[in-house]
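Participant: This is the structure I want to talk about, given as structure tokens.
The values are calculated or read from the model by the stated rules, or taken from the named source; none is laboratory data. Treat the numbers as computed from the prediction; the structure is a model and nothing was measured. So basically every Cβ, Gly included, is an ideal-geometry build from the backbone, and we count neighbours across all protein chains shown. In case anyone asks, the SASA skips ligands and DNA or RNA and just uses the protein heavy atoms, side chains included. Shrake-Rupley method; radii C 1.70, N 1.55, O 1.52, S 1.80 Å.
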Amino acid sequence: MAIRSPIIVVLGHVDAGKTSLLDRIRNTSIINKEAGEMTQHIGATEVSIEVIKNISKTLLNIYKFELKIPSLLFIDTPGHEAFSNLRKRGGSVSDFAIIVVDILEGFQKQTYEAIEICKNLKIPFLIALNKIDRIDGWKPNNEKPFIETIKQQDQKVQAKLDEYVYNIVVKLYEFGFDSDRYDRIKDFRKQVAIIPLSARTGEGIPDLLLLISGLSQRFLEEKLKINVEGSGIGVILERKEEKGIGDVIDIILYDGRIKKGDKIAFLTRNGVKYAKIKSLLKPQNLTDIRFAKNKFNEINEVYAAAGIRIVADNLEDALPGSTIYVFNKDEELKDIENRLKADISDIIFNTDKEGIVVKSDTLGSLEVLTRLLKERNIPIKKADIGDIEKNDIDIALSMKEKNIEYAVIVGFNVRISKNAEDIVKNNNVKIIISDIIYDLAEKIDNYIKDIKS
Ligand code: GDP
Ligand code: MG
């Protein structure tokens with residue numbers, strides 16, 4: 001048994017500073033590269049524990065604890081869309097979430113969504129209260145831990161910061177979470193940590209990295225304990241066609257090991273499919289990741305946690321959001337097949353009960369959407385991936401006679417297919433399409449209320 005790296009996601013409202021925070025973490029580790037590796041993955045960046053120790057030296061002298069995890073694996077694409085594909089049955093592949101909040105703006109729409117998601121999927125999270133450098137009168141101390149830089153601020157600035165922190169504490173309380181500024185927390189099991197920081201000046205980044213490391217190894221130890229030599233399990237983030245290579249899938253491996261030549265099983269819209277791995281690719285480790293883009297090395301094997309590209313035949317309809325299993329003995333296959341089938345039947349279905357039609361672009365987004373609708377007690381007749389087709393409209397039209405309020409098609413990130421356009425024009429079918437999941441849920445809610453009243 002070994003402890004693998006925790007998989008960290010960054011969520012939060014548009015412009016809160018998610019990208020800036022990830023960039024800052026990457027740059028900080030590049031600058032500290034003599035301390036250890038800064039390994040580039042597909043879809044993720046790994047910051048080794050040596051780098052974290054180096055960045056957080058002064059804090060480690062105060063908090064004194066032993067770091068056992070090998071590194072932190074940060075998912076590169078922040079935001080809720082990428083997050084929705086980091087799924088596994090009944091939960092998420094991510095071990096820990098950083099929810100970024102703009103200190104001057106406070107909680108905004110997607111902050112609420114992010115907390116809702118974490119609460120739902122039981123993902124532990126902390127709040128990165130970003131842009132402290134924008135507080136009136138703030139004196140920046142670049143790269144310093146928050147607990148040092150705060151002492152060097154005027155009383156008035158300190159009081160102002162605490163006022164902002166307090167506002168967050170109140171908001172979290174409304175969600176049922178007890179929280180506090182991280183340096184005042186007594187029991188991290190019971191309270192959500194708020195870390196004031198700045199992605200621009202780097203203040204508070206040492207605190208953030210050390211705290212995530214400490215919390216994840218302390219509270220997630222069981223989850224992170226894996227048999228690294230076991231058969232690999234991962235999730236498909238993306239499938240695409242690469243010129244000169246063919247179909248590839250990008251995956252996050254979160255358990256076991258994956259090797260060149262391994263057989264894999266995964267979901268497509270038409271059930272389980274298999275492939276044999278022709279090659280495994282990872283980005284080149286250059287000191288500056290900007291140059292590493294699109295330059296890959298072939299490797300023979302990789303251990304969790306890692307982000308990796310798989311080249312194989314038969315990947316053309318692999319579903320993003322599907323679990324991917326390595327199987328090397330055929331007797332393992334039955335069990336894996338059953339698990340995959342059970343997983344997809346929860347998400348893609350067509351029942352004979354009354355309800356609305358739901359279409360979405362990926363397994364992950366469809367799952368989030370159906371979960372939201374179920375929470376709002378909106379019945380679903382059909383849930384599927386792909387554009388809105390004639391068949392979907394037929395179902396909605398047939399609903400009209402039975403239960404008019406359910407004669408509606410809801411689409412996330414999809415379009416109306418060409419051959420369905422005419423039927424839409426000639427019939428009065430309500431179609432609600434959006435590329436923000438939570439907007440969609442609200443719109444449907446309102447629509448059904450309107451019809452009923
Ligand atoms: P995202 O939409 O959450 O990814 O946010 P971005 O990282 O793109 O940041 C949005 C804007 O806020 C950009 O103009 C950033 O330069 C700015 N920003 C991000 N972090 C900070 C910070 O700590 N301080 C200040 N002053 N500006 C920041
Ligand atoms: Mg961004």
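Participant: Residue by residue through the stretch 123-147, note down the ones that are among the acidic types (Asp, Glu) and surrounded by fewer than 16 Cβ atoms within 10 Å (Cβ to Cβ). Spell out the reasoning first.
Facilitator: Going residue by residue through the stretch 123-147, those that are among the acidic types (Asp, Glu) are 133, 136, 143.
Listed by number, the list holds a single entry, Asp136.
Participant: Considering Asp136, Asp102, which residue is more than 16 Å from ligand 2 (Cβ to nearest atom) and either of a type outside the set (Gly, Ala, Ser) or touching a residue at least 24 places away in the same chain (Cβ under 8 Å) (or both)?
Facilitator: On the way: Asp102 fails: more than 16 Å from ligand 2 (Cβ to nearest atom).
Step by step, each of Asp136, Asp102 is checked, and only Asp136 is more than 16 Å from ligand 2 (Cβ to nearest atom) and either of a type outside the set (Gly, Ala, Ser) or touching a residue at least 24 places away in the same chain (Cβ under 8 Å) (or both).
Okay, residues lined up against (1) without any contact (Cβ under 8 Å) to a residue 12 or more places away in the chain; (2) open to solvent by 50 Å² or more (accessible area, probe 1.4 Å):
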site	(1), (2)
Tyr166	yes, yes
Tyr173	yes, yes
Asp183	no, yes
Lys190	no, yes
Leu197	no, no
Leu208	no, no
Ile212	no, no
Leu215	no, no
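Participant: Answer yes or no as to whether Thr19 is away from ligand 2 (no atom under 14 Å from the Cβ) and among the β-branched types (Val, Ile, Thr). Explain how you work it out, then say what you get.
Facilitator: On the way: away from ligand 2 (no atom under 14 Å from the Cβ): no; among the β-branched types (Val, Ile, Thr): yes.
So Thr19 fails the test.
Participant: State all residues of the stretch 83-122 that are within 12 Å of ligand 1 (Cβ to nearest atom) and touching a strand residue (DSSP E or B) at 6+ places or on another chain (Cβ under 8 Å); if no residue qualifies, say none.
Facilitator: Ile98, Ile99, Val100, Val101, Asp102, Ile103, Gln108, Gln110, Thr111, Ala114
Participant: Exactly one condition in (1) of a type in the set (Gly, Ala, Ser); (2) open to solvent by 10 Å² or more (accessible area, probe 1.4 Å); (3) in contact with a helix residue (DSSP H, G or I) (Cβ under 6 Å, 6 or more places away or on another chain) is not met by Ala265; state its number.
Facilitator: (2)
Residues are listed down the side, and each one gets a yes or a no for (1) aromatic (Phe, Trp, Tyr); (2) farther than 24 Å from Asp76 by Cα; (3) out of contact with any Leu (no Cβ under 7 Å at 6 or more places or on another chain):
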{"residue": "Val228", "(1), (2), (3)": "no, no, yes"}
{"residue": "Gly234", "(1), (2), (3)": "no, no, no"}
{"residue": "Arg269", "(1), (2), (3)": "no, yes, no"}
{"residue": "Tyr274", "(1), (2), (3)": "yes, yes, yes"}
{"residue": "Leu315", "(1), (2), (3)": "no, no, yes"}
{"residue": "Lys329", "(1), (2), (3)": "no, yes, yes"}
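Participant: Only one of these is in contact (Cβ under 8 Å) with a residue 24 or more places away in the chain, closer than 23 Å to Ser231 by Cα and within 16 Å of ligand 1 (Cβ to nearest atom): Ile8, Ile42. Name it.
Facilitator: Details: Ile42 fails: within 16 Å of ligand 1 (Cβ to nearest atom).
One residue alone meets the criteria, Ile8.
Participant: Just the residues that are outside any strand (DSSP E or B) and of a type in the set (Gly, Ala, Ser), please, taken from the stretch 210-267.
Facilitator: Narrowing the stretch 210-267 to residues outside any strand (DSSP E or B): 210-224, 227-230, 232, 243-245, 256, 260-262.
Passing the criteria: Ser213, Gly214, Ser216, Gly230, Gly232, Gly244, Gly256, Gly261.
Participant: Please tell me if Lys151 is under 19 Å from the mean Cα position of the chain (by Cα), open to solvent by 20 Å² or more (accessible area, probe 1.4 Å) and either at positive phi or of a type in the set (Lys, Arg) (or both).
Facilitator: no
Participant: Could you figure out which of (1) part of a helix (DSSP H, G or I); (2) surrounded by fewer than 23 Cβ atoms within 10 Å (Cβ to Cβ); (3) within 16 Å of ligand 1 (Cβ to nearest atom) isn't true of Thr77?
Facilitator: Failing condition for Thr77: (1).
Participant: Wholly within the stretch 333-443, which helices (runs of 4 or more DSSP H) include no fewer than the required count, namely at least 3 residues that are of a type outside the set (D, E, K, R) and open to solvent by 20 Å² or more (accessible area, probe 1.4 Å)?
Facilitator: Details: elements: 333-347, 363-375, 390-402, 418-426.
Here the list reads 333-347, 390-402, 418-426.
Participant: Another question, if that's okay. Quick check: anything in the stretch 63-74 β-branched (Val, Ile, Thr), more than 16 Å from ligand 1 (Cβ to nearest atom), open to solvent by less than 40 Å² (accessible area, probe 1.4 Å) and modelled with pLDDT of 85 or more?
Facilitator: Within the stretch 63-74, the subset β-branched (Val, Ile, Thr) is 69.
From what's left, more than 16 Å from ligand 1 (Cβ to nearest atom): 69.
Add one more test, that the residue is open to solvent by less than 40 Å² (accessible area, probe 1.4 Å), and what stays is 69.
Add one more test, that the residue is modelled with pLDDT of 85 or more, and what stays is 69.
Yes, the conditions are met somewhere in the stretch 63-74.
Participant: Looking at (1) under 30 Å from Lys334 (Cα atoms); (2) open to solvent by 40 Å² or more (accessible area, probe 1.4 Å), which is the one condition that is false for Leu253?
Facilitator: (2)
Participant: Right, next: For the structure I just gave you, tell me whether Asn54 is within 16 Å of ligand 1 (Cβ to nearest atom) and outside any loop (DSSP other than H, G, I, E, B).
Facilitator: So Asn54 fails the test.
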